[in-house]
Amino acid sequence: MQLPDFSCKGRVALVTGSARGIGLAMARTLAAAGAAVVIHDIEIDLAAAEAAAINAQGGRAIALGGDVTDLAVADELAARTKQALGDTDILINNASIQRHTPFLEATPEDMTRQLNANVLFVTRLTQCVVPAMEQKRWGRIINLGSIQGRNGNASMPAYAMSKAAMENLTRALGRHLATSNITVNCVAPGWFNTYRNRDHLKDQATIDEGGKHVPLGRIGRPEDCNGVALLLCSAAGDYITGQTIRVDGGMSA
Ligand SMILES: NC(=O)c1ccc[n+]([C@@H]2O[C@H](COP(=O)([O-])OP(=O)(O)OC[C@H]3O[C@@H](n4cnc5c(N)ncnc54)[C@H](O)[C@@H]3O)[C@@H](O)[C@H]2O)c1
């Protein structure tokens with residue numbers, strides 16, 4: 001019996017916000033599976049160091065900077081990726097802005113910033129890469145959702161709304177782009193020990209305590225999304241589109 005094909009050889013993968021956390025773990029995985037990857041991040045020095053580490057291990061990576069709150073950066077990012085590595089075959093819309101603000105204190109400016117970064121930037125960057133995918137009749141798009149997108153969260157209303165939008169966009173584009181053999185899926189993490197949660201998950205005791213609220217008994221690690229990402233970006237996932245896959249240790253069950 002032949003095992004499923006998880007290779008990403010010959011593909012160009014652009015992962016936004018990938019100098020750290022879940023994005024970095026997925027980018028490293030795609031590189032290990034043979035893709036040339038763009039480590040994109042607002043922190044260009046960190047992105048450059050991670051790209052260099054992938055190259056030192058025999059992979060292929062470049063680093064690109066740019067702030068996802070600026071929509072013009074989406075066009076630049078797609079163009080610079082094409083110039084350096086070729087058209088984007090795999091897009092992982094991973095970067096997001098997350099602000100904890102009680103509902104009545106959330107200002108239009110702050111909410112606009114989050115919705116720009118988390119929804120409009122994702123939409124624009126996707127528009128930039130889809131035409132070449134359509135021409136090739138092959139493409140893989142992953143949007144990062146969140147457990148907050150399903151549950152809602154009045155302490156981070158704009159963020160939660162933006163993640164609900166990722167699930168909706170995924171369903172719409174999953175159907176719309178299926179005829180071009182482009183799959184679009186949403187990976188929705190639960191509660192992960194990453195940089196954005198550094199103030200909350202500040203020590204091992206807090207991390208262990210947090211794990212008690214998760215059916216599988218622990219907080220997520222950045223690499224917990226790697227398997228799903230590889231499945232969705234390789235031939236093994238060819239027949240999966242328009243789905244939200246929750247990687248949350250059972251929190252949403
Ligand atoms: N960590 C969690 O518990 C969790 C839960 C659900 C969903 N998610 C989602 O998973 C994705 C990855 O989250 P993470 O926890 O790995 O994040 P993280 O905070 O570890 O890393 C995010 C990266 O994005 C970069 N970044 C921040 N602002 C940026 C900007 N304006 N422009 C460009 N890059 C910017 C940061 O420098 C950082 O390297 C996000 O979409 C997040 O919403 C995370």
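Since every read-out is calculated from the coordinates, none of them should be taken as a lab result. As the structure is a prediction and not an experimental result, all values here were calculated from the model. Don't worry about glycine lacking a Cβ; one is built from the backbone with ideal geometry, like all the others, and counts go over all protein chains shown.
So here's what we get for this one:
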{"read-out": "The chain, helix-only ellipticity at 222 nm - DSSP H runs n ≥ 4, -39,500 (n - 2.57), divided by all residues, nearest 500", "value": "-13000 deg cm²/dmol"}
{"read-out": "GNM top mover of Leu104, Leu85, Leu24 - the chain, alpha-carbon springs below 10 Å", "value": "Leu104"}
{"read-out": "Most fluctuating residue given options Thr126, Thr101, Thr241, as computed from a GNM of the chain linking Cα atoms under 10 Å", "value": "Thr101"}
{"read-out": "Positive-end extreme of charge dipole, the chain - chosen from Ala47, Gln83, Asn168 (charges on Cβ)", "value": "Asn168"}
{"read-out": "Amide H partners (placed H, <5 Å) of Gly220, local residues excluded", "value": "Trp191, Phe192, Asn193"}
{"read-out": "Net charge contributed by nearby residues that have their C-beta within less than 12 Å of Arg124 (K/R +1, D/E -1)", "value": "-3"}
{"read-out": "Low-density loop cleavage sites - trypsin sites (Lys or Arg not before Pro) in the range 105-194, where at most 13 other Cβ are within 10 Å (DSSP)", "value": "Arg137"}
{"read-out": "Added length on full extension, which subtracts the Cα-Cα distance from 0.36 nm per residue, Leu46 to Ala72", "value": "7.2 nm"}
{"read-out": "³J(HN,Hα), Karplus 6.51/-1.76/1.60, whole Hz, each residue of the range 26-42, x for Gly, Pro", "value": "5, 4, 4, 5, 5, 5, 5, 8, x, 7, 8, 10, 9, 8, 9, 6, 5"}
{"read-out": "Relative contact order [Cα under 8 Å, 6+ residues apart], the chain, whole percent", "value": "20 percent"}
{"read-out": "Cβ charges +1 (Lys, Arg) and -1 (Asp, Glu), total dipole of the range 208-253, debye", "value": "80 debye"}
{"read-out": "Neighbourhood net charge (11 Å Cβ-Cβ; Lys/Arg +1, Asp/Glu -1) for Ala27", "value": "0"}
{"read-out": "Among Thr123, Thr194, Thr81, residue whose mean-square fluctuation peaks in a GNM of the chain (springs only between Cα atoms under 10 Å)", "value": "Thr194"}
{"read-out": "Cα-derived Rg over Rh, computed across the range 126-222 with Rh taken as Kirkwood radius", "value": "1.10"}
{"read-out": "Under the Karplus curve 6.51 cos²θ - 1.76 cosθ + 1.60, θ = phi - 60°, whole-Hz ³J(HN,Hα) for the range 73-79, x wherever Gly or Pro sits", "value": "5, 4, 4, 4, 5, 5, 5"}
{"read-out": "Filter on Lys82/Lys163; Lys136/Lys163; Lys9/Lys202 - keep pairs with C-alpha separation over 31 Å", "value": "Lys9/Lys202"}
{"read-out": "Calculated FRET efficiency for the pair Lys212/Lys9, C-beta based, R₀ 41 Å, to 0.05", "value": "0.45"}
{"read-out": "Positive-end residue of Gly210, Val247, Thr101, charge dipole of the chain with Cβ unit charges", "value": "Val247"}
{"read-out": "Check: the chain dipole with +1 on Lys, Arg Cβ and -1 on Asp, Glu Cβ, in debye", "value": "580 debye"}
{"read-out": "The range 51-98 versus the range 122-161: alpha-carbon centroid distance in Å", "value": "15 Å"}
